[in-house]
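Read through the structure below, which is laid out as structure tokens, and then see the notes.
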Amino acid sequence: MTDGDHYAYGLERPVDTPPERIVSLVPAMTESLVDLGLGGRLIAVTTACAHPAESLAGLPRVGAPASPDIARIAALAPDLVLACDDGINPPEDIAALRATGLNVWVNAPHSVQEVFNLLWNTMYLCDETAMVPRVRQIEYMADWLRAMSEQRRQRGEAGMRVAALLGRDPLIAAGGEGYT
């Protein structure tokens, strides 16, 4: 998502105030929240949320991503529930959570740029900027790899290829057009 030479970010605000009580049904988002310095806002996670273990120790588990305990989540009264609509969380569970009156923020990034957008949006939503320098650095590295690959292609060489593994069980990798 670029606009000329600049990134075009789509910022969303699914809640009116920065959420202080978050339930994450998406392991990758759980890790991202901790990495962004927002792990203290987590009040519950799924049984699949395993990393970083020390940050998640003692948090209540609300079932598997594919079968969360809707009643338990509702009883926790979170400000926000994080979900993913790419097969991790069933659509009927997302609808059931919303039917209880909970704010559910559904994301499913399908490209590296959409992951960056999600990170920026998460910091914006939570009104937390401490990790801006780190995310910018990662984004600059992605830009550099993209530029190097383009230069190689212009010289008639094979472009640079990078494998980004996102999960081990099941094996999930970022691909050219999404995750496989």
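General observations
- Taken together, the criteria exclude GLY159 from residues that are surrounded by 12 or more Cβ atoms within 10 Å (Cβ to Cβ), small (Gly, Ala, Ser), at pLDDT below 85 and within 22 Å of THR30 (Cα to Cα).
- Selection status of PRO65, under 29 Å from TYR140 (Cβ atoms) and either modelled with pLDDT of 95 or more or within 17 Å of the chain's Cα centre (by Cα) (or both): no
- Taken over the range 66-98, the criterion of being more than 27 Å from ASP16 (Cβ to Cβ) and open to solvent by less than 30 Å² (accessible area, probe 1.4 Å) is satisfied by PRO90 alone.
Let's see how each residue does on (1) farther than 30 Å from GLN137 by Cβ; (2) at pLDDT below 95; (3) of a type in the set (Ser, Thr, Tyr); (4) not in a strand (DSSP E or B):
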| site | (1), (2), (3), (4) |
| --- | --- |
| GLY40 | no, no, no, yes |
| GLY58 | yes, yes, no, yes |
| ILE73 | yes, no, no, yes |
| ASP86 | no, yes, no, yes |
| GLU92 | yes, no, no, yes |
| LEU97 | yes, no, no, yes |
| LEU102 | yes, no, no, yes |
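- Residue satisfying condition, being of a type in the set (D, E, K, R) and farther than 25 Å from ALA44 by Cα, within set GLU139, GLU128: GLU139
- Scanning the range 43-58 for residues that are among the hydrophobic types (A, V, I, L, M, F, W, C) and free of Cβ contacts under 8 Å to residues at least 12 places away in the same chain returns ALA53, ALA57.
- Filter pass, VAL135 being of a type in the set (A, V, I, L, M, F, W, C), part of a helix (DSSP H, G or I) and under 17 Å from the mean Cα position of the chain (by Cα): yes
- Matching residues in the range 99-121 - criterion: being over 16 Å from ASP69 (Cβ atoms) and either open to solvent by 40 Å² or more (accessible area, probe 1.4 Å) or touching a Ser or Thr at 6+ places or on another chain (Cβ under 8 Å) (or both): GLY101, ASN103, HIS110, VAL112, GLN113, GLU114, VAL115, LEU118, LEU119
The values are calculated or read from the model by the stated rules, or taken from the named source; none is laboratory data. Because the structure is predicted, anything quoted here is derived from the model rather than measured. So basically every Cβ, Gly included, is an ideal-geometry build from the backbone, and we count neighbours across all protein chains shown. Note: accessible area is taken over every heavy atom of the protein model, side chains too, but ligands, DNA and RNA are not part of it. Shrake-Rupley method; radii C 1.70, N 1.55, O 1.52, S 1.80 Å.
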